[in-house]
1. The protein assembly as shown: percent of C-alpha pairs farther apart than 33 Å?
2. Using a 10 Å cut-off on Cβ to Cβ distances, tally the other chain neighbours for every residue of A:386-397 and report the average as a whole number.
3. If I require 15 Å or longer along the helix axis, counting alpha carbons, and a Kyte-Doolittle average no lower than -0.5, what helices from chain B are left? Use full DSSP H segments.
4. Using the alpha carbon gyration tensor of chain A, what are the three equivalent-ellipsoid semi-axes (square root of 5 times each eigenvalue), largest first, in whole Å?
5. Kirkwood hydrodynamic radius (Cα pairs, Å) of the range A:290-367?
6. Using the number of other C-beta atoms within 10 angstrom as an exposure proxy, rank A:Val124, A:Val140, A:Val249, A:Val312 with the fewest first.
7. On the Cα set of the range B:179-242, report Rg and Dmax in Å, please.
8. Once the dipole of the protein assembly as shown is set up with Lys and Arg at +1 and Asp and Glu at -1 on Cβ about the Cα centre, which of B:Gly236, B:Phe57, A:Leu407 lies farthest towards its positive end?
Amino acid sequence: MAFVQDAPKDSFRLGMLIYDTRYRAITIQVIVLTLFLLFLSWLVNNTIENLAAKDRSFDFGFLWQRAGYDINQTLISYTNDSTHFRAALVGLLNTLLAATVGCIVATILGVLVGVLRLSKNWLVGRMMTVYVEVLRNVPVLLWILLTMTILSETTPAPSDFRVTEAMIAAGEAPKATMMLWDTVAITNRGMNVPAPLVEHGLPRLELLGMSVNSNVLAFLVVLGGSLWVNSRIRGHARRVQEATGVRPVTWWKSLAVIVLPTVALLMALGFHLDIPTLTRFNFKGGTEILHSFTALTLALALYTSAFIAEIVRAGIMAISRGQSEAAFALGLRPGRTMSLVILPQALRVIIPPLISQYLNLTKNTSLAIAVSYMDLRGTLGGITLNQTGKELECMLLMMAIYLTLSLIISSVMNAFNRAVALKER
Amino acid sequence: MKNTVILGALSVVALSAGMASADTLADVKARGELNCGVNVGLTGFGAPDANGNYQGFDVALCKAVAAAVLGDASKVKYLPTTGETRFTALASGEVDVLIRNSTWSFQRDTDLKFDFVAVNYYDGQGFMVKKDLGVSSAKELDGATVCIQTGTTTELNLADFFKANNMSYTPVNVADDSEGQRQYLAGACDVYTTDASGLAASRATLPDADNHIILPEIISKEPLGPLVRHGDNNWGDIIRWTYFALVAAEEYGVTSANVADMATSTNNPEIKRLLGAEGELGKMLGLDNEWAKRAIAASGNYGEIFEANIGSATPIKLARGLNALWTQGGLQYAPPFR
């Protein structure tokens, strides 16, 4: 004889939004989101009102106007008649160049230092500790300035290379001479190295409104094709080996496939090296690697390598001691244990924090202005911004580009991370 | 996520844009201080002296304006700006007036929404090289490395000049004058180019000034002058006429020494109007009648300011040239005070 009592009829009251735990969480989220959206709309509105008050427009049309200024390092053809867009592109490529070279050098150095820091050799271990602590505890801007100062103050001026007739008569040697059989000159402005040139090149290609060097394109296409054929040859060799146990000899095929077509192409184009020679003020001809680029890239790489070293050390130490003991038991020497057993496993721990180091390095390239390296910040966010007075547009565009760049780097690295991650089934 | 980041970025830009009021005079009076945008450091024009106080040809005009508006030449807050930051500082309202050897150009006057109110120095772009380079003309600079201040009109002139003469060069873009000098002295560039007055000022501060020469070519017109934001005409008038008061004072022989006596002793009605002994010119500007008197007393008339900061008695040794009064064959000319 139990009274079946109905549960109290649950009519919704407004107060329940606060007092009922079932709704409270949602209520708070809605309020916070509303406030956030209000804040955003206030900001956008404030921007629009201020632009209107200053009688300023918001448009990106200036990107297609003539830039009118020159840039000292251009990876694609650029003159002062090119557009601001092209100038921004030149800057972006300079940024990418510094970031790519920086990341590669930083990784190599970082892995080396990280491994050596764990060395049983007391001196080597301590030296690597000093390397890491000194490099990562001084602001990167100071490293960039220091590298630039060293590069420009310890090297001779271009005029020091000059040999005048009076000097020949007196039997004097110039203060500085070129290196590597007179092909490379290091001055206080940059490093002049021989450049590849073609005698009878292909015409430039107009692609999507941009002018592309078709010689480079042809070279890349041929090289890519050769590498593809080579991978087919190796794949075939592997299948034969799996089927019969005997690996056919492929090295001469690989060599021929990779070398012959590219050499033939270069011969056909009339390839030769352009050696730098001293003119009145500077070395002309060849390629000049500006000290601003070297200083920026080197300093960033050294600085970031200290962080990468710590990440690598952490990754190695995360691998259980039993792994190396097992490897030793199998008779692997320490070097092979490291490269075949420890590092592949450590990569899983290393890669996620490594991504942020790559992102840091890429973003830190915007310190380039300190050494007058014309990166994206120097062209789009510097000269273009100043000459056109489009601060808002340039800043937004630049932020969007850096954001996209960072997101691309992280997604590529994330994909790589998934590829090496432990496959759990 | 991506959207929020972009919007967040937008908000930062929006916040930094700030609010610029349309009535600058009222703002300055309420603040009791004039925010004057000056050069980070260009000897003779605007640079801190040994005690950290800003001095120079442009700075003197800041003082004159402060004296005219606030009655005290020392009530100026100097905000150092580089070639890159100056226009943003003015547009955002961070400074009330920019007196920083800035070139009056069409685009800056119209598209950037500024008003150039006067030309306090008629200049042109020149080149400085080391003597031992053996260069005697800018036309011989083919292939040279050139240090250039970024964000300036000189940057564009340089590109035009080399192009017109079918020459090539490598630019080294530097942020300000001191960085330019450093790079030039370190040999990172063969040539340093900027306004000829700036070159003279830079050269004066070099330890071995005699080993450097300024090439004869002047490749551009660089009318340098104070500028204000578009849209506040009264404030623009105050800067313009304060400047003209200094020029007129030189023309009529009013100096910082005799300005107090002149106001009472003179019989020239133009001087009387200028110094507020007659008429109500000050009121028309929204100031009191003694404004010009105070402006002239602050650091003297145009000629005095010129001689004290950049004239032949100073290390910079600039001749008056185009900047002589119109009565002396120059271009400095003040419209009538009536």
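1. Working: 187876 of 290703 pairs.
Everything past 33 Å amounts to 65 percent.
2. Values: counts 12, 9, 3, 9, 2, 7, 5, 1, 0, 5, 4, 0.
Partner-chain Cβ atoms within 10 Å, mean over residues of A:386-397: 5.
3. On the way: long enough: B:2-17 (23 Å, 1.49); B:57-70 (20 Å, 1.94); B:153-164 (16 Å, 0.08); B:233-251 (26 Å, -0.05).
Once both thresholds are applied, what remains is B:2-17, B:57-70, B:153-164, B:233-251.
4. Numbers: eigenvalues 474, 284, 141 Å².
That gives 49, 38, 27 Å for the three semi-axes.
5. In the range A:290-367 this quantity evaluates to 14.2 Å.
6. Working: A:Val124 13, A:Val140 20, A:Val249 8, A:Val312 28.
Least crowded to most crowded, the residues run A:Val249, A:Val124, A:Val140, A:Val312.
7. In order Rg, Dmax, the Cα atoms of the range B:179-242 give 17.1, 48 Å.
8. Looking along the dipole axis, the top candidate is A:Leu407.
Each value in this text was obtained by applying a stated rule to the coordinates, not by laboratory testing. What you are looking at is a predicted structure, and each value in this text was computed from that prediction instead of being measured. For neighbour counting, all protein chains shown are included, and Cβ atoms are generated from backbone atoms with ideal geometry for every residue, glycine included.
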